[in-house]
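The values are calculated or read from the model by the stated rules, or taken from the named source; none is laboratory data. Remember, it's a predicted structure, so these values are computed and weren't measured experimentally. Here the Cβ is made from the backbone with ideal geometry for all residues, glycine too, and neighbour counts use every protein chain on show.
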Amino acid sequence: MEQIETSHKETKKKFIDIYNHNKVKIISTFFVIIFAAVSLIILKLNSEKKNTLIAEKYIKASHHLASSETDKAKLLFEQILTSGNKFYSILSLNNVIEKNLIVDKDKVINYFNILENNITSQEQKDLLILKKALYLIQKQDFQEGKDLLNILIQNNSNLKSLAQEIVKK
């Protein structure tokens, strides 16, 4: 029994010695972990706030569009497109193209390129390439549109059969 108590006392003494010897490292590590946790929480809250603001802008832009205030809608949609939001940027681009809010083809292509760089999912990228190809074909740029469709075909995309059907026409 005394041997167990002695063993516990020695173990306690070792831990206390280790703590005293590494006190600065232990306290520093603790503060780094606390700082990292607080930083992650702040970043998450900031991201949620940003997403909410973009959603509100999208709703305002849609309202302006429905109210025939196309200039205000166009301005808000462009702000959303440059925001980098993966969800609302794509919706905004769809509205811009569908309602023909931006007639400058180069500007629309630039927005397509911005979205392509922001999207990480291959399926979404393929869908965006298909939309870009259809937009180019609609704007009488048949060769560039066909080239994009061929990229989808060569990459064995889920949209391969659709792209092949469009190329045939």
Condition set over 21 Å from residue 92 (Cβ atoms) and among the hydroxyl-bearing types (Ser, Thr, Tyr), scope the range 28-62, selection modelled with the highest pLDDT: answer is 39
Are any of the residues in the range 90-103 farther than 30 Å from residue 156 by Cβ, of a type outside the set (D, E, K, R), touching a His at 6+ places or on another chain (Cβ under 9 Å) and outside any loop (DSSP other than H, G, I, E, B)? no
